[in-house]
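Trainee: Have a look at this one before I ask anything.
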Amino acid sequence: MSLKQKHLLGKAQRALNAKDYPLAGALFEEAATLSPAAHQAWFGLGEVAQGIGQQDTAATFFGHAAELQPENARYRLKFGEALALLGQIPEALQQLAAARQRAGKNEGFLCGLSGAYVKAGNWQHARQVLEDVVRLPRPLAAHYCLLGLACQRLGELDDALKAFGKATKLDPRYPDSWLSLGHLHIEKNEKDNAAACLKKLQALSPTVSSTFDLAGEIAWMRGDTREAANFFRQAADSAPDDRAIQAKLAGTLIMCGEALAAIDAMERAHALGISEDWILEKLGAMFAVKHWTPMARENLEMAVERNPDNLSAWNTLLIVYAKDGESEKVRKAADSILQKEPDNIYALMNLATWHNDQGRHDEALELLARARKKDPFAPGGYTKALWTMVSASSVSAADILQLARDYDEHVFRPLFRGNNFAARNRDAERRLRVGWLSSDLRHHPVAAFIQPFLEHIDPEKLETFIYYNFSEEDAISAQIKACARQWRVVNGIGDDGLADLIEGDEIDILIDLNGYTDGSRSNVIARKPAPIQATWLGFPGTSGMSTMDYIFVPPDPVLEKPDWSQETPWPLPDCYGARADISSAAILPGLPCERDSAPFTFACFNHFRKASVKTIELWSRILVRCPHARLILVALGGRDDETLRYFSSQFERHGVNPAQLEFRGYVAKQKYYESHNEIDLGLDPFPYNGGTTGYDSIWMGVPFVTWPGEHLSARMGKAILENVGLRELVAQSADDYVNIAVALANDHERLKRLRENLRERMLASPLLDGKRMAHSLENAFREMWRRWCAATQAAGEGNVRPASSGV
């Protein structure tokens with residue numbers, strides 16, 4: 001380098017340090033013109049461009065400097081940062097990885113690199129770099145704090161807890177450590193631990209807004225809305241321009257009934273960019289999610305009163321009215337939306353849900369078809385339709401499969417990454433990593449089928465990784481967590497980030513336990529982060545996804561044929577699922593109709609949405625032939641008189657006396673089980689049979705009649721009954737279904753024999769044998785893996801769908 005060039009570069013750097021960007025740019029440009037190979041000049045031009053906000057130009061200059069000096073880690077780092085800010089994430093990650101290889105163990109550089117990974121949204125790599133930083137001599141509390149934040153974003157809450165803990169020990173006077181640790185404890189719903197962190201934070205930074213904000217969050221968790229309001233008020237005083245704090249303050253003041261103060265807070269939030277109806281709408285949505293229906297309703301009604309054009313608030317209010325069973329208000333809310341926007345897809349979908357809850361499947365499907373026509377890429381138009389279709393007697397298995405495949409084509413296929421897993425170890429007999437993806441591993445029916453077998457899985461054969469997509473854990477979660485090698489809380493991680501996490505964990509087989517239920521991560525499944533993916537327990541039908549390889553089914557010749565599903569059906573050898581012991585509720589002796597001198601009682605404790613047109617027709621035929629019998633149903637579509645009149649009318653048009661019908665709402669769990677002592681014989685709905693309710697019925701000593709259909713949800717009852725020796729209650733036709741029920745209503749001695757020792761038979765069956773289910777799953781996973789290894793070795797690549805030839 002010539003003396004003139006050195007002089008130019010020196011002047012340019014001094015101008016850059018002084019933020020004299022025009023002068024620095026001119027000098028760096030002169031140096032680059034004098035010597036086009038002067039990488040320092042091109043890098044300086046990049047820093048000038050970055051300083052004046054021209055990120056695309058900066059990326060070009062940084063890239064050229066990196067080409068001239070490919071081993072310069074700093075050039076690679078700045079190039080990667082610029083690409084990340086432009087949204088070119090794959091290219092950014094490539095440059096950052098190259099920078100890391102060349103960086104060595106320089107603390108400042110590694111910290112900058114971790115920050116660049118954060119900008120690129122890659123918390124996994126940020127964590128890896130920060131782990132290198134904390135291994136250096138004399139790491140700072142700030143380094144451990146950043147590591148904890150990275151772990152928290154990855155859903156590794158236990159590791160985040162350790163990192164924050166080290167930060168607090170390394171420097172107990174570093175406020176951010178206590179603040180971050182406090183928010184982590186809030187996320188884990190650990191009120192006392194969060195309060196302990198708050199106490200430390202208050203001693204260090206008693207008057208800053210973040211301290212008051214944390215105090216308000218903790219008070220809110222504890223249900224002390226007044227204390228929360230006081231803290232949020234102090235936070236707002238300390239940070240008057242923070243609109244999020246103003247919104248929290250408004251919400252808590254509403255809860256306290258301080259209307260004038262709440263209005264003041266809303267006005268301040270509004271001045272900062274938040275509308276009053278938006279605040280009310282969000283509060284209403286929050287209360288609705290928490291099932292605090294009266295408060296949700298109050299806030300949402302205020303939101304639409306203040307802004308009748310707030311269609312989002314109207315849509316949420318429609319859902320709340322539907323849950324309250326207020327048919328007329330559901331219609332009015334839907335009309336309010338559709339008058340303003342006739343093809344509002346959310347109104348169409350929510351109104352369809354209301355129709356579906358009342359068993360009006362064809363009307364629901366028409367509304368959902370309108371929603372899909374308006375927006376073919378809206379997931380709800382497909383998922384709600386698929387749920388409706390599995391209940392509708394007017395729909396075939398082929399219809400369901402076609403819509404599921406349309407969903408895949410429009411929404412999921414563009415997300416496929418095309419990973420061929422070329423580096424995956426193809427030893428067919430090695431220990432496998434199995435990932436379980438679910439939002440329901442808590443007090444939930446799905447967990448009741450997972451916990452019984454998970455503790456019996458052989459860790460020498462399978463490593464269990466759980467990706468828990470929910471914010472709260474309970475005692476059931478703790479039991480399941482104890483059986484896993486790794487428990488990751490992933491509800492705060494985006495789809496790409498979660499797919500990266502699963503790939504990074506090198507999961508061999510990923511089981512989706514949600515399907516199309518609340519909490520689904522289908523967009524992650526669509527990216528195909530594992531070589532083998534299977535669906536089980538959540539949605540009782542085909543996903544239609546081209547990236548879903550298998551679907552678990554009970555042993556059934558109809559279900560083992562692949563003509564109803566996109567996936568290859570994999571029959572479990574004994575039953576669809578093994579459940580935990582169900583309830584301690586006692587079974588009263590004898591038939592209820594004899595014991596209580598009551599009418600012979602049929603019942604179905606499933607949601608009324610399963611009462612298809614054909615189901616109501618056959619139940620009506622049974623009641624007409626048994627005029628002194630009654631039928632108990634759960635009317636969870638509504639409690640108002642209009643809804644109940646509608647339910648009754650569906651039977652009356654078939655000649656049923658309305659006095660034979662009894663509609664009930666939800667009851668407490670123990671009461672629900674005890675209510676089985678009122679039932680002489682259960683009636684399984686179709687085509688969507690009872691699943692969990694079928695297990696409950698047998699446990700409580702109540703047999704039921706079922707009529708199997710042509711897809712998974714339509715053959716659940718058959719699988720349950722066959723495992724307790726009640727094959728004779730599996731009807732072969734509609735007439736057979738009616739005849740079996742009527743015959744048993746008139747042959748009490750035969751019915752008593754069928755009911756005899758039913759709980760004992762269930763206890764001795766595979767339906768409650770978790771150890772047996774664990775062995776079945778171990779064998780299934782091993783055979784799936786063998787097939788994948790053989791197929792990919794033969795094809796020379798990893799991403800091969802299993803043949804649809806059955807198992």
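The values are calculated or read from the model by the stated rules, or taken from the named source; none is laboratory data. In this text, all values refer to a predicted model and were calculated from it rather than measured experimentally. As a convention, Cβ positions derive from the backbone with ideal geometry for all residues, glycine included, and neighbour counts pool all protein chains shown. For accessibility, only protein heavy atoms count, side chains too; no ligands or nucleic acids. Shrake-Rupley method; radii C 1.70, N 1.55, O 1.52, S 1.80 Å.
Trainee: Give the Rg/Rh ratio for the range 385-452, taking Rg as the radius of gyration of the Cα atoms and Rh as the Kirkwood radius, to two decimals. Mind dumping the intermediate values first?
Mentor: Details: Rg = 18.0 Å, Rh = 16.3 Å.
With Rg and the Kirkwood Rh in hand, the quotient comes to 1.10.
Trainee: Also, I was wondering about something else. With a 1.4 Å probe and all protein chains kept in place, how much accessible area does His607 have, in Å² rounded to the nearest 10?
Mentor: Its accessible surface works out to 40 Å², give or take rounding.
Trainee: Work out, step by step, the length gained on full extension between Lys6 and Lys373: first 0.36 nm times the residue separation, then minus their alpha carbon distance; give nm to one decimal. Don't jump to the answer; show the numbers that get you there.
Mentor: On the way: separation 367, 0.36 × 367 = 132.12 nm, distance 6.58 nm.
Between Lys6 and Lys373, full extension yields an extra 125.5 nm.
Trainee: Using θ = phi - 60° and the Karplus curve 6.51 cos²θ - 1.76 cosθ + 1.60, what whole-Hz ³J(HN,Hα) does each residue of the range 147-163 get, with Gly and Pro shown as x?
Mentor: Along the range 147-163, the couplings run 4, x, 4, 5, 4, 4, 5, 8, x, 8, 5, 5, 5, 4, 4, 5, 5 Hz.
Trainee: Right, next: Report the accessible area of Phe465, computed with a 1.4 Å probe over the heavy atoms of all protein chains in place, in Å² rounded to the nearest 10.
Mentor: Roughly 10 Å² of Phe465 is accessible to a 1.4 Å probe.
Trainee: Express in % the proportion of alpha carbon pairs of the range 1-76 at distances exceeding 13 Å. Each step should come with its number before you reach the end.
Mentor: Values: 1735 of 2850 pairs.
Looking at the range 1-76, the distances longer than 13 Å represent 61 percent of pairs.
Trainee: To continue, here is another question. Volume per residue, Å³, of the convex hull around the alpha-carbon atoms of the range 139-243?
Mentor: Values: hull volume 10.1 nm³, N = 105.
For the range 139-243, the hull spanned by Cα atoms encloses 96 Å³ per residue.
Trainee: Under Stokes-Einstein, with the Kirkwood radius over Cα pairs standing in for Rh, what whole-number D in µm²/s applies to the range 515-671 at 37 °C and 0.692 mPa s?
Mentor: Numbers: Rh = 19.3 Å.
In µm²/s, the coefficient is 170.
Trainee: Give me the percent of accessible area attributable to carbon and sulfur for the range 690-789, probe 1.4 angstrom. List each step's numbers first, then the result.
Mentor: Numbers: 1580 of 3530 Å².
With neighbouring chains kept in place, the figure for the range 690-789 is 45 percent.
Trainee: Using only the alpha-carbon atoms, what does the range 698-764 span along each of its principal axes? Please give whole angstrom values in decreasing order.
Mentor: Principal extents (Cα only, largest first): 31, 28, 15 Å.
Trainee: If you don't mind, another one. Beyond 19 Å, how much of the Cα-Cα pair distribution for the range 53-200 remains, as a whole percent? Display every interim value, and only then the final one.
Mentor: On the way: 6006 of 10878 pairs.
That fraction is 55 percent.
Trainee: Give the peptides 369-377, 688-696 in descending order of average Cβ contacts within 10 Å, highest first. Don't skip to the end; give the middle numbers.
Mentor: Working: 369-377: 16.0, 688-696: 23.3.
So the peptides 369-377, 688-696, ranked by packing, come out 688-696, 369-377.
Trainee: If you don't mind, there's one more thing I want to ask. Just report the Cα centroid separation between the range 726-792 and the range 353-369, whole Å.
Mentor: 31
Trainee: Round to a whole angstrom and tell me the spacing of the C-alpha centers of the range 201-252 and the range 25-82.
Mentor: 45
Trainee: Roughly how many whole Å is it from the C-alpha centroid of the range 563-633 to that of the range 376-401?
Mentor: 24
Trainee: Give me the Å³ per residue figure for the convex hull around the C-alpha atoms of the range 646-706. Please list the in-between numbers first.
Mentor: On the way: hull volume 7.1 nm³, N = 61.
Looking at the range 646-706, the number lands at 116 Å³ per residue.
Trainee: While we're looking at this one, here's another question. Can you check what the Kirkwood hydrodynamic radius comes to for the chain, Cα pairs only, in Å to one decimal? Can you show the working numbers first?
Mentor: Values: mean 1/r = 0.0331 Å⁻¹.
Result for the chain stands at 30.2 Å.
Trainee: Same structure, new question: What relative contact order, as a whole-number percentage, does the chain give when Cα pairs under 8 Å and 6 or more residues apart are counted? Spell out each step's value before the answer.
Mentor: On the way: 1457 pairs, mean separation 68.5, N = 807.
With pairs under 8 Å counted, the relative contact order is 8 percent.
Trainee: Tally up the carbon and sulfur contribution to the accessible surface of the range 200-311 as a whole percent, 1.4 Å probe, everything protein left in place. Numbers along the way, then the final one.
Mentor: Numbers: 2820 of 5370 Å².
Exposed carbon and sulfur together represent 52 percent of the surface.
Trainee: Another one. With a 1.4 Å probe and all protein chains in place, put Leu34, Leu631, Leu179 in order of accessible area, largest first. Provide the component values of the computation, followed by the final result.
Mentor: Details: Leu34 85, Leu631 0, Leu179 30 Å².
Of Leu34, Leu631, Leu179, the descending order of accessible area is Leu34, Leu179, Leu631.
Trainee: Taking only the alpha-carbon positions of the range 675-733 and ignoring solvent, what does the Debye formula give for the base-10 log of I(q)/I(0) at q = 0.12, 0.27, 0.28 Å⁻¹?
Mentor: Here the Debye-derived log intensity ratios amount to -0.23, -1.13, -1.20.
Trainee: Here's a follow-up. Report the rotationally averaged projected area of the range 298-389 based on its alpha-carbon convex hull, in square nanometres. Let's see the in-between values first.
Mentor: Values: hull surface 21.7 nm².
Averaged projected area of the range 298-389's Cα convex hull equals 5.4 nm².
Trainee: Given the range 330-466, what whole percent of its Cα pairs are spread farther than 19 Å?
Mentor: Numbers: 6234 of 9316 pairs.
Tail of P(r) above 19 Å: 67 percent of Cα pairs.
Trainee: I need the semi-axes of the equivalent ellipsoid of the range 290-333: take the C-alpha gyration tensor, multiply each eigenvalue by 5, square-root it, list largest first in whole angstrom. Let's see the in-between values first.
Mentor: Working: eigenvalues 47, 32, 12 Å².
One finds semi-axes of 15, 13, 8 Å for the range 290-333.
Trainee: Hey, another quick one. So if each residue of separation counts as 0.36 nm, and I subtract the Cα-Cα distance between Lys669 and Ile587, what length gain in nm does that give? Mind dumping the intermediate values first?
Mentor: Working: separation 82, 0.36 × 82 = 29.52 nm, distance 1.53 nm.
Using 0.36 nm per residue and subtracting the Cα-Cα distance, I get 28.0 nm.
Trainee: So, one more: What does the accessible area per residue of the range 414-555 come to in Å², with a 1.4 Å probe and no ligands, DNA or RNA counted? Don't skip to the end; give the middle numbers.
Mentor: Numbers: 4570 Å² over 142 residues.
Each residue of the range 414-555 exposes 32 Å² on average to a 1.4 Å probe.
Trainee: By how many degrees, between 0 and 90 and to the nearest 10, does the Cα long axis of helix 345-357 differ from the longest principal axis of the chain?
Mentor: Value to nearest ten degrees: 30.
Trainee: What does the convex hull of the Cα atoms come to per residue for the range 642-788, in Å³? Mind showing how you got there, number by number?
Mentor: On the way: hull volume 24.4 nm³, N = 147.
Once divided by residue count, the hull of the range 642-788 is 166 Å³.
Trainee: With every protein chain kept in place and ligands, DNA and RNA left out, what is the accessible area per residue of the range 230-329? Probe 1.4 Å, answer in Å². Please list the in-between numbers first.
Mentor: Details: 4660 Å² over 100 residues.
Ligands and nucleic acids excluded, the result is 47 Å² per residue.
Trainee: Residue-wise, which Karplus ³J(HN,Hα) couplings in Hz belong to the range 667-676, taking 6.51 cos²θ - 1.76 cosθ + 1.60, θ = phi - 60°, and x for glycine or proline?
Mentor: The phi angles translate into 10, 4, 4, 4, 5, 4, 5, 5, 5, 5 Hz.
Trainee: Which residues' amide hydrogens lie under 5 Å from the amide hydrogen of Glu463, considering only partners 5 or more residues apart or on another chain, with H built in the peptide plane?
Mentor: Distant-sequence amide H within range of Glu463: Leu432, Arg433, Val434.
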